[in-house]
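Trainee: Take this structure, written in structure tokens, and hold onto it; I'll ask about it next.
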Amino acid sequence: MKYNSVFVFLCLLLHRTCCSHSVSPKNTAGDHTRAGTTAPQKLGTSGPSRLMSSENAPQPTSSSSNISLARGLLPTSNVEATTLDAVTSSSGNANSSNTVPRQDPFVSMLVNMFLSAANTTPSTNTTSPTFSLPLSLLAMQNKLPGGMGNSLLPLLMGGGDVNLESIAGLFESLGPQLPSILKGLIQSNTSGLGADERTCSEDVDTFLVDLLQGKPWALSMLDASGKPGTSIMEGATTFFGNFDECLDGPSQADPTSGREVKGDTCVVYISPPPQLIGMVAGTVGNVFSAMANTIMINWHLCVPDTCGSNSVKSGIQRWLSQVNMTVKGVVCHAEIKSGPVGDDSAAVGAIVLTAILGCLVLVGTALDMNIRATKGRRDQVPVSPRLDAVQLSKISTQLQSHDVGVPQTSKGNGAVDGRKLMDESRPDVETVGIDNPAGPKVQETNDGHFVYPNGGHQLRSEDKEHDNKYKPKLWQRVLLCFSAVSNGEKILSVKRSPGSLTCLNGIRVLSMGWVILGHTFLTLMPNAENPKIFGRLTQSFSFQIITNATLSVDSFFLLSGLLVTYLFLKETEKAGGLKVKHMILYYVHRYLRLTPIYAYVIFINTFLVVYLTDGPTWMGSADSQFCVDNWWTNLLYINNVYREKTKCLGWGWYLAGDMQFYVVAPLALIPLALSFSMKNRTARKILKVDGLGVILGFLLTSIVSTAYITHSIDGDLFHNGTEFSMRVYVKPWCRIGPFAIGMALGYILQRKKSELKMSQFLQVVGWLLALVAAGACTLDTYDNYGEGRPGWGNDARTAHETLCRPVWGLVLAWVIFMCCKGKAGIVDWMLSWAWWQPLSRLTYGVYLIHLILIRTDSATMRSLFFYSSGYIVYRFFGYVCMSFIFSFLLAILVEAPMLQLEKLVLS
């Protein structure tokens, strides 16, 4: 009952949208109203609409008005026969050759609701000096059972108390009354409309007429519209329709113009009454209570594609304004859908760029494989049998001279104690030019020819000379930089260079997973059937790990500070001191390392992604226009301090902060590097103190600025979150603390290369303190969000935001230090797993593209889903896998070739 009446509400609103002007209609004698009555002919009017307004309809008696008012509360069977007879009679008079098809109870109920709305007399009664309400709304207040009418008006008007116990029944009772509430919507005035509006009005007329006759195409459009469903009190305020059914469903030719009437999805964004927001938010925790203020009713409607967003918005807003609800906006798919990709020069440019890079990869790979195959064929060319025989004879003679029997020469048999024989005979073998790739083992022979372990034969001396002299030409070396084979081998290699900090690989990959997990929980929530559960989840103890997932970004800052210091000092020490070229390459390499793939992702995300998928409101990247205007701020790495409110690729603030830290790091690195080469002991100490003092200054700047700003705005990410994000979260002076701790750790690891001398007791104490500190950083917010907790005040919130990130940096620094010194046991074993290494090489690309995948998936969903931790984790693993796959493709296409080209240029 509820859904069918809502269908009628939808139909009437759509028609009202297109027929909003008050001009007398022009009707012919053959025209009939939707109520089954004959329209009086009026002269001197114009307009093609075939629906009669309530002004021209025969006025019902008082009793009929009362009946229509109460029909929403009566069972359908009580009025079904009468209304069906009326529609049949009307249809027969209009077109005697056609009869209305037999309608099932579903269609009958639809017709009943429609007729009850069409026959209701307009009313201008007012209930107060400030609000004008329809008479049916006042009548419904008295007719709702259980006193629900007393809570209906305060709910809709936005004031007064609300009976929470009856709110669920209220939503169910509201639906059957909507046709009576929205009486008078049917009008036929189109003479004052523009051409587009008149076309929309005619198409809506056709839709309504065919809907009453039960035609499949009209029912399909109605079926494709969203309907208020269950779980509204759980926050399910998105009413999805069937997007694909609306666009791809059957169409109908307009009988007047012959124009094809097709469906289009329009999403109406409605601001709900304050009471609904309060009831949805409830008392389920500070996190969701803050988010509840952004609740919006999103209603997906299927309308004729000739109707635009402006008409739909003005028509619906006229009636919702009476009940304290506002239409914030309307988005129609026909207005936002992407046209042919060939008409978009930027998209064509993105495709051409990708095609060029792809061709370079293919050509480079083919060239690489050809060189490898050519070299392999030369390696397999045997020397002459005569030379093999001479060499075999000399080996046999040499072996016999050591009083050892001649080894068997049949295929598959080796020498007895072959290592000893080969070691003793090796000088003479080398003298005669035998190349033994098998090392200490005596070569097997086959019919007088040596058989090598790799299946090949001896490389001829002229081929050796050719290989030594041969160098690829410059154009070949450029193409080889794009070889997918060579670059893939380097990316997937698990070989470790001496002195590498292998534990960093595991930390980097796990931190990236933490980032994706946090974004998955937050990004998917708007499409949940029960988003209110998010508030209850935040109250759980274990969920604090997700609430504090932003600490994963501080992990990356610490790793960045560690590596830049460790590698810079290592390089300058190896070179015998700091040189000018070190500083030039310091900045050049960093920019070339990050920027090409960053720029490519921005380009593709801004102009091409929009053509790769579709959905009810899918317009491409949510920040695509920001990227068109502000892309250069990203490539200059200032997007976190300049135009930060309109950021392109919003999560790129981290890259800006990391680059800014990298730029100022030499303030500490140069003194520390110079201290290595200073012979004067006093000067060396002064430089060392200077460098370490700068690092300490970075840390203190972070602590003081975070404490001052956070306390002044009384906020965190979930409390006054927008201002906190703009003034604290993305600002480099507030986030440099973990980077500074990483710099200090990098200096310690570079200078203190000796074995760690620390008692077992101190090691145990250190691990316990680190464990307690890590738990405090990730779980202490339970005291703020937990059920029954009073919540933090400004002082507690400020202390947490100021100290948790530096403390987390110290915890991670301890773990890395102990792993590098071989004192971490199973922790080092887990973090240093060989296969973390290739995955860690892909984390930069994963960070760039993971939110594009998650947002695209969320923005193109066709239905709600049940939000639960298990389901989100299930989606999380899918996002992780897809992110790493796409990151590998990006590395092969852009990142690795650019790094190889950099090496080629600098060499």
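The values are calculated or read from the model by the stated rules, or taken from the named source; none is laboratory data. The structure presented is a predicted model; accordingly, all values stated were derived computationally and were not measured. When we count neighbours, we look across all protein chains shown, and the Cβ atoms used for this are built from the backbone with ideal geometry, even at glycine. Ligands, DNA and RNA are stripped out before the accessible areas are found, and what is left, the full protein with its side chains, is counted by its heavy atoms. Shrake-Rupley method; radii C 1.70, N 1.55, O 1.52, S 1.80 Å.
Trainee: Using alpha carbons only, how many angstrom separate the centre of the range 466-543 from the centre of the range 588-657?
Mentor: 19
Trainee: For the range 684-800, I need the span (max minus min coordinate) of the C-alpha atoms along each principal axis, in Å, sorted largest to smallest.
Mentor: Largest to smallest, the principal-axis extents are 51, 34, 18 Å.
Trainee: Work out the FRET efficiency for S858 and L585 from their Cβ-Cβ distance, taking R0 = 30 Å, and round it to the nearest 0.05. All intermediate terms of the calculation are to be shown ahead of the outcome.
Mentor: Working: r = 42 Å, r/R0 = 1.39.
It comes to 0.10.
Trainee: At 0.36 nm per residue, minus the direct Cα-Cα distance, what do M726 and W829 gain on full extension? Give it in nm, one decimal, please.
Mentor: Details: separation 103, 0.36 × 103 = 37.08 nm, distance 3.97 nm.
The span from M726 to W829 would gain 33.1 nm if fully extended.
Trainee: How long is the gain from L901 to M296 if the chain were fully straight, where each residue apart is worth 0.36 nm and the alpha carbon distance is subtracted?
Mentor: Details: separation 605, 0.36 × 605 = 217.80 nm, distance 5.01 nm.
Gain on extension, L901 to M296, equals 212.8 nm.
Trainee: Same structure again: Tell me the accessible surface of K823 in square angstrom (1.4 angstrom probe, heavy atoms of protein chains only), to the nearest ten.
Mentor: Rounded to the nearest 10, the figure is 70 Å².
Trainee: Find, among the trypsin sites (Lys or Arg not before Pro) in the range 646-722, those assigned to loop by DSSP (not H, G, I, E, B) with at most 15 other beta-carbon atoms within 10 angstrom.
Mentor: On the way: sites: K647, K679, R681, R684, K685, K688; in loops: K647, K679.
Within the range 646-722, the qualifying trypsin sites (Lys or Arg not before Pro) (loop, at most 15 other Cβ atoms within 10 Å) are K679.
Trainee: Quick check: with the 1.4 Å probe, what order do I686, I336 take by accessible area, largest first? List each step's numbers first, then the result.
Mentor: Details: I686 110, I336 40 Å².
Reading off the accessible areas and sorting them downward yields I686, I336.
Trainee: May I pose another question? For the range 636-793, what does the accessible surface come to per residue with a 1.4 Å probe? Please give it in Å².
Mentor: Details: 7690 Å² over 158 residues.
I get 49 Å² per residue for the range 636-793.
Trainee: With a 1.4 Å probe and every protein chain kept in, tell me what percent of the accessible surface of the range 590-650 is carbon plus sulfur. Could you put the intermediate results ahead of the total?
Mentor: Details: 1650 of 2580 Å².
Result for the range 590-650: 64 percent of the exposed heavy-atom area is carbon or sulfur.
Trainee: With r as the distance between the Cβ atoms of K215 and Y642 and R0 = 51 Å, compute the FRET efficiency 1/(1 + (r/R0)^6) and round to 0.05.
Mentor: On the way: r = 58 Å, r/R0 = 1.13.
E(calc), rounded to 0.05, equals 0.30.
Trainee: Related question: Could you tally the net charge around N548, taking each other residue with its Cβ under 12 Å from the Cβ of N548, Lys/Arg +1 and Asp/Glu -1?
Mentor: It works out to a net charge of -3.
Trainee: Taking square-rooted eigenvalues a ≥ b ≥ c of the alpha carbon gyration tensor, is the range 572-696 rounded, prolate or oblate, where a/c under 1.5 means rounded and, failing that, a/b exceeding b/c means prolate? Write down the numbers at each step before the final one.
Mentor: Values: a/c = 4.81, a/b = 2.91, b/c = 1.66.
Prolate, since a/c reaches 1.5 and a/b exceeds b/c.
Trainee: Name the residues whose placed amide hydrogens come within less than 5 Å of the amide hydrogen of L301, ignoring near sequence neighbours (fewer than 5 apart) on the same chain.
Mentor: Under 5 Å from the amide H of L301: G226, C266, V267, V268.
Trainee: So, one more: Label points 7 Å out from Cα along the Cβ direction at V663 and L889: separation in nm?
Mentor: Computed distance between label sites V663 and L889 equals 3.4 nm.
Trainee: For the range 751-907, what does the equivalent ellipsoid look like in terms of its semi-axes, each the square root of 5 times an eigenvalue of the Cα gyration tensor, given largest first in whole Å? Write down the numbers at each step before the final one.
Mentor: Values: eigenvalues 222, 192, 49 Å².
Square roots of five times the eigenvalues give 33, 31, 16 Å.
Trainee: Also, I was wondering about something else. Leaving out ligands, DNA and RNA, what percent of the accessible area of the range 708-808 is carbon and sulfur, probe 1.4 Å?
Mentor: Numbers: 3110 of 4930 Å².
About 63 percent, which is the carbon plus sulfur part of the accessible surface.
Trainee: Please report the carbon-and-sulfur percent of the accessible area for the range 834-894; probe 1.4 Å, protein heavy atoms only, DNA, RNA and ligands left out.
Mentor: Details: 1920 of 2480 Å².
Here carbon and sulfur together make up 78 percent of the probe-accessible area.
Trainee: Further question: Would you mind working out the accessible area per residue for the range 547-610, using a 1.4 Å probe, and quoting it in Å²? Spell out each step's value before the answer.
Mentor: Numbers: 2390 Å² over 64 residues.
Accessible surface, normalised per residue, equals 37 Å².
Trainee: Given Cα pairs under 8 Å that are at least 6 residues apart, what percent is the relative contact order of the range 614-754?
Mentor: Numbers: 129 pairs, mean separation 28.8, N = 141.
Computed over the range 614-754, the figure is 20 percent.
Trainee: Same structure, new question: Using the scaling law 2.2 N^0.38 Å as the reference, what is the normalised Cα Rg of the range 617-676? Spell out each step's value before the answer.
Mentor: Working: Rg = 16.0 Å, N = 60, 2.2 N^0.38 = 10.4 Å.
Against the compact-globule rule of thumb, the ratio is 1.54.
Trainee: How much area per residue is accessible in the range 810-860 when the probe is 1.4 Å and only protein heavy atoms are counted (Å²)? Show your work: numbers first, answer last.
Mentor: On the way: 2000 Å² over 51 residues.
For the range 810-860, the solvent-accessible area averages 39 Å² per residue.
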